[in-house]
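Right, one structure below, let's go through it.
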Amino acid sequence: MNSTNPFALWRWEALFQNFDNVGSGFLRTFQVAVLALALSLIVGMIIGILSTAQNWVPRSIARVYVEIFQNIPLLIQIFFMYNGLAMAGLVLSEFTIGVVGVGLYHGAYVGEVVRAGILSMPKGQHEAAYSQGFNYTQTMRYIILPQMVKSILPPLTNQAVNLIKNTSVLAIIAGADLMYAADSYASSSLNYGPAYVLAGLLYFLLCFPLATFSRKYEEKLKKNDSIVVDIPEVME
Amino acid sequence: MIKLQNVNKYFGDHHVLKDINLEVAEGEKIVIIGPSGSGKSTTVRCMNFLEEPTSGEVFIEGNQLTAKNKLEVVRNSSAMVFQQFNLYPHMTVLENLTIGPIKLQKKSKKEAEETAYRYLDIVGLREKAMVYPSTLSGGQQQRVAIARSLCSEKKIILFDEPTSALDPETVQEVLDVMIQLSSMNITMVVVTHEMGFAKQVADRVIFMDEGTILEVGSPEHFFENPTHERTKEFLSKILR
Ligand SMILES: Nc1ncnc2c1ncn2[C@@H]1O[C@H](COP(=O)(O)OP(=O)(O)OP(=O)(O)O)[C@@H](O)[C@H]1O
Ligand SMILES: [Mg+2]
């Protein structure tokens, strides 16, 4: 008779015999996170630049985008893509929904980071560029964005951490991601304890190094008197 | 070369420049002095439209500056040196000097670098070409900024208090570079309180007070017999 302790040794053994599923869930989560991060960086860069333009039209577009994606729960956005778009005839794979859904959602947050980064650059940089004859686009491309990247690296990394954790919403549409794999293993085997602990550990394994890097890098920037972009933590 | 005609500037309802009229000839060296808040910076910033006048006209080499053509005129005609240097911190000294000529004047990298080294020699910083600005002293940074303003070989260089942010020991090295420039055929408009510099290079000194040009004259005029009471008062303070 096996022990009924939820963390009994035999439960761990059983879990590792079924590691394949959890392992491929982990891999899936990793893939979704990397691609969604890439998408969110591209979208965020565009939104951030639009939101600091002199003309009000791009500024409004960026504003509307950010407000919509930040003020509707990610879960609803994912459901919308899964069910809503499917009803309209556009059926996307769970993988695509993960990348696009999480990517667009975090694109709004990255956009705010980029915006704060652009605005944190000293006025003198814009003035020097203008006094040489650089136009707005050239000023952004050669002067502002390259030096901004360094100062927004910490908040961007925090975004990456949030993004990785948020890929777990895929579980809800059977996305075959880490959370889903752990959850389905747990409910079929009743090995809830080890399954969730392992899943948590694997998320931690992805996120902790990033969070640590972010913190260390920010300390380093502060020590060098570089510009530090502080984003109020409004997520989750 | 530069002409300001009835230039007025308001910030909100603060009347900062009041009917400024000024003509600067090609190659002329102008020094602008005056108390804090009198409108010196605003005046030079109107010359490249970093500030656009509320009314009045600005002409550069005969072309009227407008919101539409300002970038093109600036690109072709003028450079600026700032109190806070405003070097690009993510670029080496050499890149700071060549980015403008390469991207704006469409010079080749090689040509731009040769020019850059030539001007680095003039400001005495050739050996700093590969370092980043943050490793330099204030005086060195300002000399790099001056070299940058020279690299695009414009006819006009505007200086807004180039030595005011410097440690007293490094002021002279920057002034020496500027004195050297004055022998080139560059039109210089310099906001500064360095009267020694004014005496040595200025063709005309302009005294501004409360948004107007109160008095114009040679440096000697200002040292020997300034007309206005306000001018005397101001000079007695800075020459003390
Ligand atoms: N961007 C701005 N917005 C509002 N007011 C401004 C702005 N720039 C300058 N002013 C005001 O205009 C007046 C003239 O400023 P300006 O900078 O031209 O003076 P200045 O003679 O250069 O003084 P200083 O010696 O202190 O540099 C000041 O009262 C200043 O407060
Ligand atoms: Mg000033």
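What angle do you read, to the nearest 10 degrees and between 0 and 90, between the alpha-carbon axis of helix A:145-166 and the longest principal axis of chain A?
Once rounded, the angle reads 20 degrees.
Kindly put B:22, A:178, A:156 in sequence by how many other C-beta atoms sit within 10 Å of each C-beta, fewest to most.
Working: B:22 20, A:178 30, A:156 23.
In increasing order of surrounding Cβ atoms, one gets B:22, A:156, A:178.
Name the shape class, rounded, prolate or oblate, that the alpha-carbon gyration tensor gives for segment B:1-141, where a ≥ b ≥ c are the square roots of its eigenvalues, rounded holds for a/c under 1.5, and otherwise prolate holds if a/b is larger than b/c and oblate otherwise. Show your work: numbers first, answer last.
Details: a/c = 2.32, a/b = 1.75, b/c = 1.32.
It is prolate, given that a/c is not under 1.5 and a/b is the larger ratio.
Using Cβ counts within 10 Å as a stand-in for footprinting exposure, how do B:221, B:90 rank, fewest first?
On the way: B:221 15, B:90 20.
So the ranking, lowest neighbour count to highest, is B:221, B:90.
Hey, how many Å between the Cα centroid of segment A:87-138 and the Cα centroid of segment B:152-183?
That distance is 39 Å.
Can you tell me what share of the DSSP beta bridges in chain B is antiparallel? A percent to the nearest 5 is fine.
On the way: 19 of 36 bridges.
Antiparallel bridges: around 55 percent, rounded to the nearest 5.
Quick one: grab the alpha carbon gyration tensor of the protein assembly as shown, order the square roots of its eigenvalues as a ≥ b ≥ c, and give me rounded if a/c is under 1.5, else prolate or oblate depending on whether a/b is larger than b/c.
Values: a/c = 3.21, a/b = 2.62, b/c = 1.22.
Because a/c hits 1.5 or more and a/b exceeds b/c, the protein assembly as shown counts as prolate.
If you average the alpha carbon positions of segment B:194-210 and of segment B:1-57, how far apart do those two centres end up, in angstrom?
Segment B:194-210 and segment B:1-57 have Cα centres separated by 16 Å.
Given the options B:36, B:175, B:156, identify the residue whose Cα lies farthest towards the positive end of the charge dipole of the protein assembly as shown (+1 on Cβ of Lys, Arg; -1 on Cβ of Asp, Glu).
Of the listed residues, the answer is B:156.
Would you work out the charge dipole size for segment B:1-150 about its Cα centre, treating the Cβ of every Lys and Arg as +1 and the Cβ of every Asp and Glu as -1, and quote it to the nearest 20 debye? Please report the intermediate quantities before stating the final value.
Numbers: 19 positive and 16 negative charges, 79 e Å.
Result for segment B:1-150 is approximately 380 debye, rounded to the nearest 20.
Compare the Cα positions of B:86, B:104, B:10 along the charge dipole of the protein assembly as shown (+1 at Cβ of Lys, Arg; -1 at Cβ of Asp, Glu; about the Cα centre) and return the one farthest towards the positive end.
B:104
For the protein assembly as shown, what proportion of DSSP beta bridges, expressed in % and rounded to the nearest 5, is antiparallel? Don't skip to the answer; put the middle values down first.
On the way: 19 of 36 bridges.
Bridges in the protein assembly as shown are about 55 percent antiparallel.
Using a simple charge model, +1 on the beta-carbon of Lys and Arg, -1 on the beta-carbon of Asp and Glu, nothing else, what dipole does segment B:126-207 show about its Cα centre, in debye to the nearest 20?
Numbers: 8 positive and 10 negative charges, 68 e Å.
In debye, rounded to 20, segment B:126-207 gives about 320.
Dipole size in debye (nearest 20) for chain A around its Cα centre, Lys and Arg Cβ +1, Asp and Glu Cβ -1? Can you show the working numbers first?
Numbers: 14 positive and 14 negative charges, 121 e Å.
Approximately 580 debye in magnitude.
Rounded if a/c is under 1.5, else prolate if a/b is larger than b/c, else oblate: which is segment A:1-144, with a ≥ b ≥ c the root eigenvalues of its Cα gyration tensor? It would help to have the intermediate numbers written out before the result.
Numbers: a/c = 3.45, a/b = 2.18, b/c = 1.58.
Prolate, because a/c is 1.5 or more and a/b exceeds b/c.
Which value at 222 nm does chain A reach when only helices count, each DSSP H run of 4 or more adding -39,500 (n - 2.57), with the total divided by all residues and rounded to the nearest 500 deg cm²/dmol?
-24000 deg cm²/dmol
Taking neighbour counts of Cβ atoms within 10 Å as a proxy for exposure, in what order, fewest first, do B:167, B:160 appear? Don't jump to the answer; show the numbers that get you there.
Values: B:167 10, B:160 23.
Final ranking by Cβ density, sparse to dense: B:167, B:160.
Using only alpha carbons, build the gyration tensor for chain B and give me the equivalent ellipsoid semi-axes, biggest first, whole Å.
Details: eigenvalues 175, 96, 46 Å².
Whole-Å semi-axes of the equivalent ellipsoid: 30, 22, 15.
Computed from the coordinates by the stated procedures, all read-outs in this text should not be read as laboratory data. Keep in mind that what you see is a predicted model, and the values were worked out from it rather than measured. Cβ sites come from the backbone with ideal geometry, for glycine too, and all protein chains shown count toward neighbours.
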